[in-house]
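J.: One structure, as structure tokens, below. Some questions next.
The values are calculated or read from the model by the stated rules, or taken from the named source; none is laboratory data. Remember, predicted model here, so these are calculated numbers, not experimental data. Remember, those area values only see protein heavy atoms, side chains included, never the ligands or the DNA or RNA. Shrake-Rupley method; radii C 1.70, N 1.55, O 1.52, S 1.80 Å.
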Amino acid sequence: MTKKSHSTAFMLTGIMLLASVQLCVKPAHSQASSTQSSVDQDVDLMRKDIRSQKKQIIAANLQLTDKEAEKFWPVYDQYTAELVKINDAKYAAIKEYATNYDTLTDEQAVSLTQKSLEIDASVAQLRTKYMPIFAKVVSGKKTAKFFQLDRRLVMLIDLQLASLIPMVEPQ
């Protein structure tokens, strides 16, 4: 492995560890609102740290020239800001699932599934929207590599989240 590969692997491990912190999805019903507020703050900090590490991984692997970086990073920041809004809905759905896990009705299960599908569609629409925007500021190959990196990192985070979220138990 090259030094760059080791660095990237280390950062990915950090993202995976951060994604697992504070996301115990089956909370106790007696949990106080101040504790929930603390958990929400911890999740917000974790998400910011993940975004920072994700940006570092992309920077390390995309190898932009100074001129490309000058154009790329403002577009990336705009893309990320829109992605954060979509992810807000994802985390709200996870929180809703966690809150209702023990008493989940069929209607709630269907509603949460629909929300999940809509979130996935929103991410795909966002990527489709930004693909030509990125292609205007970096080469087609760098645009493709960015989206490969972005998808892989999001899939890793989603895999970690999925491993922490218990499956719906039909009755």
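J.: For the pairs 48/85; 67/145; 115/142, flag any whose C-alpha to C-alpha distance is greater than 21 Å. List each step's numbers first, then the result.
T.: On the way: 48/85 13 Å; 67/145 18 Å; 115/142 32 Å.
Where the Cα-Cα span goes over 21 Å, the pairs concerned are 115/142.
J.: Taking only Cα atoms of the range 106-171, what ratio of Rg to Rh do you get with Rh as the Kirkwood inverse-distance radius?
T.: On the way: Rg = 16.0 Å, Rh = 14.1 Å.
Over the Cα atoms of the range 106-171, Rg/Rh equals 1.14.
J.: Could you order 127, 51 so the one with the most accessible surface comes first? Probe is 1.4 Å.
T.: I get 51, 127, largest accessible area first.
J.: So, one more: How much of the accessible area of the range 122-171, in percent, comes from carbon and sulfur atoms when a 1.4 Å probe is used?
T.: 63
J.: Which order do 45, 161 take when ranked by solvent-accessible area (1.4 Å probe, heavy atoms of all protein chains), largest first?
T.: Values: 45 110, 161 10 Å².
Highest to lowest solvent-accessible surface, that is 45, 161.
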